[in-house]
Amino acid sequence: QVQLVESGGGLVQAEGSLRLSCAASGTRFSISTMGWFRQAPGNQRELVATITSGGTTNYANSVKGRFTISRDNAKNTVYLQMSSLRPQDTAAYYCYMKGEPRWYSNEYWGQGTQVTVSS
């Protein structure tokens, strides 16, 4: 049973830092692309960052230079280090996984964790 369990969300002051973690189980983590998406009230869900099995990263323009995505294959865990947080970063953040091989191409989502940045 595939499960993505997030932790690290909460309330943080503007200009502060926060690290989100997503632990995957029941998955072929090492051959999957991992990512983080976010959704604020009234907005569409948007991509924040992705990291491939080979370590290639991609970031939304709004978070470049402030957020860092990383993965630890030994722990089946992906991280999102968030720095210089702004109130507009406030959103529900969702962990995402998609298998890279065509024979293992299902995608999965975490339950979402709330990040609130106060001014």
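The values are calculated or read from the model by the stated rules, or taken from the named source; none is laboratory data. What you see is a predicted model; the values in this text were computed from it and never measured. For neighbour counting, all protein chains shown are included, and Cβ atoms are generated from backbone atoms with ideal geometry for every residue, glycine included. These accessible areas exclude ligands, DNA and RNA; they are computed on the full protein's heavy atoms, side chains included. Shrake-Rupley method; radii C 1.70, N 1.55, O 1.52, S 1.80 Å.
General observations
- Working from label points 7 Å from Cα in the Cα-to-Cβ sense, the T52 to R28 distance is 1.7 nm.
- Accessible area per residue was computed with a 1.4 Å probe on protein heavy atoms; W109 scores about 100 Å².
- Placing +1 on the Cβ of every Lys and Arg and -1 on the Cβ of every Asp and Glu, with nothing else charged, gives the chain a dipole about its Cα centre of roughly 160 debye.
- Scattering profile of the chain at q = 0.14 Å⁻¹ [log10 I(q)/I(0), Debye over alpha-carbon scatterers]: -0.53
- Sorting T56, T50 by accessible area puts them as T56, T50; the probe is 1.4 Å, largest comes first, and only protein heavy atoms count.
- With a Förster radius of 25 Å applied to the beta-carbon distance between N106 and T68, the computed FRET efficiency rounds to 0.40.
- Rg/Rg_globular for the range 33-102, with Rg_globular taken as 2.2 N^0.38 Å and Rg from C-alpha atoms: 1.12
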